[in-house]
Amino acid sequence: MLILILFYVVNERKSKRLKYLFTLLGLFCFFIANSIMLFKTGITILYVGSLFFIIGKIFYACRFSNNSDFDLSFVFPLVGIYLIYMFIILNLTMENMGDFLIPILIFLFVTLLAFQFALLRKKAVNKQSYLLVIIGMLLFLIADTSSVLSSFYHHFTNQDIFTMFFYGVAQYLIVLGLLRENNNLKI
C-alpha cells in the first residue's frame, strides 16, 4: 500500500488540490485499515479497521464526485440493483451478524456509494480513466462481498488470498484510473 501511495504522489501532477487530498487521505485510511486488520484479535480491532475502510471509501466517493449533471434514468436502475444486492447479502448473513449488522450495512452502503460516484464520472473523464476506476470498484465490491460472506455466512478455502488479491488489484486500478484522468501517467 505504501508503494501505491508513493506511485500516486510521484505521478499526480494535474489534479486539483482537493481531489489530490481526497485520494491521498483515502489511500492513507486504507493503509491504516490494512495495518489494523493484520491484528484481527478482537472486536474493537475489527470495528476500528472497518471504520478506516469506511472513511477511505468516503474519501474515494468525494474524489470521484464531479460537477457535471447526471441522468436520473441511469441512476434509478442502479439503485434497484444495489437494493437487490444488499437484500441478498443480508439474507445470507443476517443470522450470524449479531452486533455487526449496523457496521456491515454502513460498510456495504459506503462501498456502493463510492461505486455510484465512480459510475457518475462517465461524462466528466476520458474513457480509459473511467473504465479503470469502474473495474477497480467492481473488484473492490467483489473483495468486500467475499470478506462479508466469509465472515458471516461460510468461510471459503483461500478466501483471505482471494479477497486480498482482488482488493490489491482494485486499489491499483483505481489509482491508475485517477492518474489517467488528466493523462498524468506516461507508460
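The values are calculated or read from the model by the stated rules, or taken from the named source; none is laboratory data. This is a predicted model, so every value here is computed, not measured. Please note: Cβ atoms are built from the backbone with ideal geometry, for glycine as well, and neighbour counts cover all protein chains shown.
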Scan segment 116-139 for residues that are aliphatic (A, V, I, L, M) and assigned to a helix (DSSP H, G or I) and jot them down. Ala118, Leu119, Leu131, Leu132, Val133, Ile134, Ile135, Met137, Leu138, Leu139
Mind telling me which of the residues Ile36, Ile45 ends up being touching a helix residue (DSSP H, G or I) at 6+ places or on another chain (Cβ under 7 Å), surrounded by 18 or more Cβ atoms within 10 Å (Cβ to Cβ), without any contact (Cβ under 8 Å) to a residue 40 or more places away in the chain and β-branched (Val, Ile, Thr)? Ile36
Could you tell me how many of the residues in segment 15-37 are more than 17 Å from the chain's Cα centre (by Cα) and among the polar types (S, T, N, Q)? 1
For segment 140-159, give me each residue that is of a type outside the set (Val, Ile, Thr), in a loop (DSSP other than H, G, I, E, B) and free of Cβ contacts under 8 Å to residues at least 40 places away in the same chain. His154, His155, Phe156, Asn158
Taking Phe59 as the residue in question, decide whether it is of a type in the set (Phe, Trp, Tyr), in contact with a helix residue (DSSP H, G or I) (Cβ under 9 Å, 6 or more places away or on another chain) and crowded, with 19+ Cβ neighbours inside 10 Å. yes
Does segment 119-139 contain any residue that is within 22 Å of Val79 (Cβ to Cβ), of a type in the set (Phe, Trp, Tyr), surrounded by 21 or more Cβ atoms within 10 Å (Cβ to Cβ) and in contact (Cβ under 8 Å) with a residue 12 or more places away in the chain? no
For segment 98-107, indicate whether the set of residues that are farther than 26 Å from Leu27 by Cα, at pLDDT 90 or above and either in a helix (DSSP H, G or I) or not basic (Lys, Arg) (or both) is non-empty. no
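Report whether or not Ser65 is within 20 Å of Gly136 (Cα to Cα), touching a residue at least 12 places away in the same chain (Cβ under 8 Å), among the hydroxyl-bearing types (Ser, Thr, Tyr) and surrounded by fewer than 18 Cβ atoms within 10 Å (Cβ to Cβ).
Numbers: within 20 Å of Gly136 (Cα to Cα): yes; touching a residue at least 12 places away in the same chain (Cβ under 8 Å): yes; among the hydroxyl-bearing types (Ser, Thr, Tyr): yes; surrounded by fewer than 18 Cβ atoms within 10 Å (Cβ to Cβ): yes.
For Ser65, the condition - within 20 Å of Gly136 (Cα to Cα), touching a residue at least 12 places away in the same chain (Cβ under 8 Å), among the hydroxyl-bearing types (Ser, Thr, Tyr) and surrounded by fewer than 18 Cβ atoms within 10 Å (Cβ to Cβ) - is met.
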